[in-house]
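Contents: one structure, followed by commentary.
Derivation of every value follows stated rules applied to the coordinates shown; laboratory data play no part. Remember, it's a predicted structure, so these values are computed and weren't measured experimentally. Positions of Cβ are backbone-derived with ideal geometry, glycine not excepted, and every protein chain shown enters the neighbour counts.
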Amino acid sequence: MSADTQQQQKPGVSRRSFFRGALGAAGGMAAVTTALKPLLEFDTSEYTLEGFLQRHYKEMTPEELDAALARIAEAVEKRYEVRPELRDVKPMDGVEFGYALNLSRCIGCRKCVHACVAENNQSRSPEIQYIRVLEMPRGSIDMEKGDHAYDRPTVPDADHFYMPVQCHQCANPPCVKVCPVEATWSEDDGIVVIDYDWCIGCRYCEAACPYWARRFNFAEPQIPKEDINPDMSYLSNRPRQKGVMEKCHFCLHRTREGKLPACLEVCPVGARKFGNLLDPKSEVSQILRTKHVFVLKEEVGTLPRFFYYFDDDYHGERK
Amino acid sequence: MRDYGRFLWRCARISFVGDWRYHTWMLTLSVIALLGLNAYAKQLVDGLATTGMTDQVSWGLYIANFTFLVGMAAAAVMLVIPVYVYGKHEMHELVVFAELLAVAAIVMCLLFVTVDLGRPDRFLHLFQRFNFPISMLTWDVVVLNGYLLLNMHICGYLIYCAYKKRKPGKWFYYPFVIVAIGWAISIHTVTAFLYVGLGGRPFWNSAIIVPKFLASAFAAGPAFIMLTLQLIRYFTDHKVPQGAIRLLQNIVTVALTIDLFLLGSELFTEFYADSHHISSLVYLWFGKDGYHALVPWIWTSVAMSVTALLIFYLPTKRSMFFVNIACVLLIVGIWIEKGMGLVIPAFVPSPLGEIVEYVPTLNETLVCFGIWAFGLMIYTIFVRITIPVLSGQLTHDRIYHTEVATDSATHPPTEGSLS
């Protein structure tokens, strides 16, 4: 003890304390390495330097965007063995999209939900769906009374009506406001989009959304190769990565090219209407003028572009 | 500059020196921190699916702990104000311990936010497109990092001056202390704004949450500092005047009273009006549609806070034994209230009225424990370094040996010194 003491009092490092220190350092390093061992299984195939350095969608030059599209297309092809037709589709001039949903017609068949999943390359496992259909008792539009998990051999049920909910593409979107890195924004045609390559995955937008429209990739999305929809665009349905947010974008890769959203096309009862709010002759504009439309949670001031209505001759009986 | 390097080197070395209790404590914390690191590595590989969070309850234990710790960091100001505003100079040296606690707490906060990110590799995006001043999260990034720098500067400067046996230059730290007072309030205010600004979550969308955040923080934080100071007094020869502890006790009493008063006001307003907005409150306090995972937590939390309050008002307030029990009770009570009582219920039911309960997984719990262990570890090291420096045992011209048995030859013998 006393010898040790004297050694220690000398300035500098004694042999004994050096060995002790070295042993401690080696042990510490070994422990840290062991703790980090799970990282060996980390799939780095889609983490490239170019991807890391890629700039925000709005900041990319056309050349950079082309390069990014080519790189993403290659990654998709490598993983899913499908050559995607990946492109960037810009908003059309003089267009502001709106959606109107006829609650008298909807029969709750959830065909829209599945068409959306197929069109937009949503993860099948874990399951991600943009549209949620609520089975509501007649006489109320209180969503807390709605059943999300209704499972009937046949729909519709005479005592209920059905209310599909998806992103409302708000004109005053709380999700856009809260995003710390501007990874989500409102486009000129009113569609709220996400740059999946910019999102940091903080999920603040998901907490802010009053319509529960956003979905987070808690795990690596899984899509069977044969189910991939190769018709894709940068801001809409290209496959997403683990750890980023996604949501309905009014099928912008279709609608900006004059087609209709997948959920509308599949609807067997014609409950869904879509079009340009700025065009007075569009069906949506006519509905807004002639029907008693309403929006969900008007009091939160989000100004949705997604409207609901009942037929005027709707007296609680389905025809 | 070389001097400063040597100072850091000596600080690093001394943090490995201590008696068996110190080594056991640090080893235990290291093991827990490594378990947390291991759990986080798994989370990085498999994604946030390793947590109990879902699209319905999209924030959980990580954000809850983050919120609580912002309060702890802000609470340092409750020692700064008495000393620098009201001139209680006998407590001057203790301020450093509170500021160091703030540093450790902010480090933990930043870690908790980081582990909550889905894509932590993209954090640099914050520097490229920073949605300031629109997003409250960017405000939080600014105030938290600013507060961290302020406190690191103040503590680092004062400790280095003591090490150099130099009188601290007032202008080098005093203005920063004053700024830090306002800044401390701001970190917790901004963190509250994070929640109350969301119109789509009626449970959060209430102005009273902001003052309630501050009140609960100024109860839990000083209570934690009270316990820390007593531990320092017990394990080291550093002087901690009893008056300082009693002053903190008064602060805690007042803050806890205000906190519970605000809670009562909130509950009355919501339940008496009985509007549709109370779904989350009903779920939290009584359960809803057969779901009641949070009910035992919130009642435990309130029972703990009320018991602590009673101890502070009854004659038991004179016994340190009871006061310490009260401190532990209210710290745990407020921790529960921030997590199970504030963050999680806002997600249940979901905005579409769906009830999905949140149950943390073992993996995310380990990550939380790991961060806490890491935070306690760095705080222990801070204190371990600070005490010999402040008492003049470790200075630029004197090497400090704790393991030296002949310590008494160079220093007056003291009871329960670190050695």
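Just a few scattered comments:
- Rounded to the nearest 0.05, the FRET efficiency derived from the C-beta distance between B:T114 and A:T290 at R0 = 56 Å is 0.60.
- Set A:K177/A:K242; A:K259/A:K291; B:K170/B:K239; A:K111/A:K247; A:K78/A:K177; A:K111/A:K259 screened for pairs whose C-alpha atoms are more than 28 Å apart: A:K78/A:K177
- Rounded to the nearest 10 degrees, the angle from helix B:20-46 to the longest Cα principal axis of chain B is 40 degrees.
- Theoretical FRET efficiency, 1/(1+(r/R0)^6), r = Cβ-Cβ of B:H276 and A:L303, R0 22 Å, to 0.05: 0.55
- Cross-link partners of A:K37 among lysines, defined as those whose alpha carbon lies under 18 angstrom from its own and excluding same-chain residues fewer than eight positions apart: B:K42.
- For B:K338, a cut-off of 18 angstrom between C-alpha atoms picks up these aspartates and glutamates, skipping any fewer than 8 places away in its own chain: B:D116, B:D140, B:D259, B:E266, B:E357, B:E364.
- Each label was represented as a point 7 Å from its Cα along the Cα-to-Cβ direction; for B:V328 and A:H114 these points are 5.8 nm apart.
- Under the span-like rule (Cα at least 20 Å along the axis, Kyte-Doolittle mean at least 0.0), DSSP H helices of chain A: A:15-35
- Sequence-distant contacts, meaning Cα pairs under 8 Å at least 6 residues apart, place the relative contact order of chain B at 30 percent.
- Estimated FRET transfer efficiency when R0 is 30 angstrom, pair B:E90-B:L231 (beta carbons, to 0.05): 0.95
- Net dipole in debye of chain B [+1 Lys, Arg Cβ; -1 Asp, Glu Cβ; about Cα centre; nearest 20]: 1460
- Derived scalar couplings between HN and Hα for segment B:255-262 equal 5, 5, 4, 4, 4, 5, 4, 5 Hz in order, rounded to whole Hz, by the Karplus curve 6.51 cos²θ - 1.76 cosθ + 1.60 (θ = phi - 60°), x for Gly and Pro.
- The GNM of chain B, with springs linking C-alpha atoms under 10 angstrom apart, assigns the highest mean-square fluctuation among B:A12, B:A33, B:A215 to B:A12.
- Prolate/oblate/rounded call for segment A:97-309, Cα gyration tensor, a/c under 1.5 rounded: rounded
- Which of B:A273, A:W185, B:A39, positive extreme of dipole for the protein assembly as shown (C-beta unit charges): B:A39
- Pairwise label distance in nanometres, B:V31 with B:K239, each label 7 Å out on the Cα-Cβ vector: 3.9
- In this Cβ point-charge picture (+1 for Lys and Arg, -1 for Asp and Glu), segment B:227-275 has a dipole of about 520 debye about its Cα centre.
- Here segment A:97-309 carries DSSP beta bridges of which approximately 85% are antiparallel, counting only pairs with both residues inside.
- Angle of helix B:320-338 to the longest C-alpha principal axis of chain B, folded into 0 to 90 degrees and rounded to 10: 40°.
- Backbone N under 20 Å from the B:V45 label point (7 Å along Cα→Cβ), restricted to segment A:21-65: A:29-48
- Net charge in the neighbourhood of B:K212 (other residues with Cβ under 10 Å of its Cβ; Lys, Arg +1, Asp, Glu -1) is -3.
- Between A:A207, A:A271, A:A31, the residue with the greatest mean-square fluctuation in the GNM of chain A (Cα pairs under 10 Å linked by springs) is A:A31.
- Comparing A:L49, A:L86, A:L303 in a Gaussian network model of chain A, where Cα atoms under 10 Å apart are tied by springs, the biggest mean-square fluctuation is seen for A:L49.
- Remark: chain A carries a charge dipole of roughly 960 debye about the Cα centre, counting +1 on each Lys and Arg Cβ and -1 on each Asp and Glu Cβ.
- Helix B:136-163 axis versus longest C-alpha principal axis of chain B: approximately 10°, rounded to the nearest ten.
- Surrounding net charge for B:S301, when Lys and Arg each add one and Asp and Glu each subtract one, Cβ distance under 15 Å: -1
- Label-to-label distance for A:R15 and A:V82 is 7.0 nm, based on points extended 7 Å past Cα in the beta-carbon direction.
- Calculated mean residue ellipticity, 222 nm, the protein assembly as shown: -16500 deg cm²/dmol, from DSSP H runs (n ≥ 4) at -39500 (n - 2.57) each, averaged per residue and rounded to 500.
- Take every DSSP beta bridge whose two residues both sit in the protein assembly as shown; close to 75 percent of them are antiparallel.
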